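See structure below.
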Amino acid sequence: EAKVSRAFNTSMEGFIDAWIEDRQSGDRTKANEGIYTFVAVDETGRPVKIPELIPETELEKQRYDAALRRKQLSLLLSGKIK
């Protein structure tokens, strides 16, 4: 299962959950989770602008705000911002 948490200019952050399911009982157990960043590109591989994402639920709003903090921290640690 995946949900986009925030869209920036050409990139988006998404939460991905991996589940295992018992075929007989149908019980599901979360096996792994991760936060990934993807860049939208055109057919030549150049980044393209993507639409803004508007969070609606409380969880979506929390993830939306946290995505910006993670991006800022990443840029700070890479020396791209001060």
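The values are calculated or read from the model by the stated rules, or taken from the named source; none is laboratory data. A quick note: this is a predicted structure, and the numbers were derived from the prediction, not measured. In this analysis, Cβ positions are derived from the backbone assuming ideal geometry, glycine residues included, and neighbour counts consider all displayed protein chains.
A few comments on the model shown:
- Residue ID - surrounded by the most Cβ atoms within 10 Å (Cβ to Cβ), chosen from residues in the stretch 1-44 that are within 18 Å of Ala66 (Cβ to Cβ) and hydroxyl-bearing (Ser, Thr, Tyr): Ser5
- Search result, residues across the stretch 43-82 that are among the β-branched types (Val, Ile, Thr) and modelled with pLDDT of 95 or more: Thr44, Val48, Ile50, Ile54, Thr57
- The residue pairs whose first member lies in the stretch 30-46 and is farther than 16 Å from Ser11 by Cα, whose second member is among the small types (Gly, Ala, Ser) and part of a strand (DSSP E or B), and whose beta carbons are closer than 6 Å, counting only pairs six or more residues apart or on different chains, are Ala31/Ala18; Asn32/Ala18.
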